[in-house]
RNA sequence: GGAAGGGUGGCAGAGUGGCCGAAUGCACCGGUCUUGAAAACCGGCGAAGGUAAUACUUCCGUGGGUUCAAAUCCCACCCCUUCCGCCA
């Protein structure tokens, strides 16, 4: 959520930043425009209401005092009955305007950070750096490799749940498990994250806290008849661990890693990546989450990124890092750096990790605060990134480790977890 | 799912219509004392809006109602604890 005070004070500046995402965000009738209208209305009503409330409180106190002296107060009580009625009506009106204002604010995305480059879509993203040497020989797509090894079964996935679900068998299932364990061990032991294990079902409040709701309900699986959703990413439960809390500054930064399954309806991505396990309704991910004072966020994002990169490097997977442009970053993010792994069958880089800084946007929405040097509660800054998406890592390992003899060579780091060198 | 009890500030816990944004204790912050620390003593100490600063307003699980006035009374809902049922 954007800051209300800045919204009022720096309306033009903030609007200009938002326009970098898309000029349509500022159009007539947009949440941005409506928010301003409701805010003005809400403030005017509140001013009027508070004067009345003050009067009511004052006179009520006098009535109480008079009664305790044994005096008759029926005259004042009669006059206050009318005030009470007006307070009630005005209060309802004020609440309505306030709620409308809040609803609009929740629909406004985070203004991009100054260091987020201009651009409208992914073609405007800017490469920061590359690592590793991509192979250029002909490699079959991962689904062919997996099926011929008997470790990937897409038909079974369809039978059980429909398209975009898959089944792993034998060494494939073990590889999925090995990757989770390897990644968690790396982050917990080498990078100093505290590992957490969290629910894969959360309520709407948690999803509002991190920004998935109210705007993106269509992307989520909702449990029927309950205020409960399958998580689209571990970011939601892990960040919301601290929802509504005021944290002591000396425990910051808080840094968590955690494995969760992720569930996405993929509404609107029909036809994209329909084959294979690049885009599934259910996938596994190891997530990295930071909570910290805002001034450390930029530096922390670079550290977080390096932790995600460490996984790719340990697995000897070539990748590149991309600065996402203002038109391509997610709703809650102010800055995002994607890691894209080389997929030889497609001869291109594909997203495998997304590392974002949210500024105080999520801290404000989720009510996660810390005490600054003056002891004042302030929203924390949050950061998160995939470290990494497991399914896509498995895909990358199959293709990058594939040999002409049909076998797949496993990276050394994974061999202890797999108990073998080849698939 | 059934029954009973309960949700108050960082924590514990008092408060059953006005003098309550809320006793008290702990924790925390500042000070006195001390070589230093502890103890003791003195003072401070919830959040949000609002203001130049005050004032003022709101918040006692959530939402509604009664009343001049609600933490306190009424209704609905949510959550927690314990017991029973079920269960990995």
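Report the residues of the range A:375-415 in range of a label on residue A:422: point 7 Å along Cα→C-beta, backbone N strictly under 11 Å from it. Counting only backbone N, you get A:403-410. Beta bridges per DSSP, both residues in the range A:132-265: antiparallel share near 60 percent.
Taken over the range A:244-317, the alpha-carbon convex hull comes to 162 cubic angstrom per residue. Highest mobility in the GNM of chain A, judged by mean-square fluctuation with C-alpha springs under 10 Å and restricted to A:211, A:391, A:375, is found for A:375. Taking the square roots of five times each eigenvalue of the Cα gyration tensor of the range A:156-297, the equivalent ellipsoid has semi-axes of 29, 21, 12 Å, listed largest first.
Return a whole-number percent for the relative contact order of chain A, with Cα pairs under 8 Å and 6 or more residues apart as the contact set.
Details: 790 pairs, mean separation 82.6, N = 423.
Dividing the mean separation by the residue count of chain A yields 20 percent.
For chain A, a Gaussian network of Cα nodes joined below 10 Å ranks A:172, A:225, A:70 by mean-square fluctuation, and the top entry is A:70. For the residues A:347, A:362, A:378, a GNM of chain A with alpha-carbon springs under 10 Å puts the largest fluctuation on A:347.
How would you order A:248-255, A:31-38 from highest to lowest mean count of nearby Cβ atoms within 10 Å?
Numbers: A:248-255: 13.8, A:31-38: 18.2.
Peptide ranking by packing, descending: A:31-38, A:248-255.
Against the main long axis of the alpha-carbon atoms of chain A, helix A:74-107 sits at an angle near 20°. The residues A:349, A:422, when put in order of fewest to most other Cβ atoms within 10 Å, stand as A:422, A:349.
Between 0 and 90 degrees, the angle of helix A:390-400 with respect to the longest Cα principal axis of chain A falls at about 30 degrees. Taking the number of Cβ atoms within 10 Å of each Cβ as an exposure proxy, the fewest-first ranking of A:104, A:277 is A:104, A:277. Over all Cα atoms in the range A:98-237, the spread is summed up by Rg and Dmax: 20.5, 61 Å.
Which order results if A:256, A:299 are arranged by neighbouring Cβ count within 10 Å, fewest first?
Lowest to highest Cβ neighbour count: A:299, A:256.
Between the C-alpha center of the range A:365-410 and that of the range A:14-43 there is a gap of 32 Å.
Reported to the nearest whole Å, the Cα centre-to-centre distance from the range A:62-127 to the range A:211-240 is 27. With only the Cα atoms considered, the range A:22-106 has a convex hull volume of 76 Å³ per residue.
Counting helices only, and only those DSSP H runs with n ≥ 4, report the 222 nm mean residue ellipticity of chain A as the sum of -39,500 (n - 2.57) divided by its residues, in deg cm²/dmol to the nearest 500. Write out the running numbers ahead of the final one.
Details: 13 runs with 169 residues, N = 423.
Dividing the helical sum by the residues of chain A leaves -12500 deg cm²/dmol.
Across the alpha-carbon set of the range A:292-339, the Rg to Rh ratio works out to 1.02, Rh being the Kirkwood radius.
In chain A, the longest principal axis of the Cα atoms and the axis of helix A:297-314 are about 20 degrees apart.
Hydrodynamic radius of chain A by the Kirkwood approach over all distinct alpha-carbon pairs: 24.2 Å.
Once the gyration tensor of the Cα atoms in the range A:351-412 is diagonalised, the equivalent ellipsoid follows with semi-axes of 44, 10, 7 Å, ordered largest first. Relative to the globular-protein estimate of 2.2 N^0.38 Å, the Cα radius of gyration of the range A:2-59 stands at 1.53.
Hey, what D do you get for the range A:221-362 in µm²/s if you plug the Kirkwood alpha-carbon radius into Stokes-Einstein at 4 °C and 1.567 mPa s?
On the way: Rh = 17.0 Å.
So the translational diffusion coefficient is about 76 µm²/s.
Laboratory data are not the source of any read-out in this text; all were calculated from the coordinates shown. For clarity, every value in this text was computed on a predicted model and none was experimentally measured. Neighbour counts run over all protein chains shown; Cβ positions are idealised from the backbone, glycine included.
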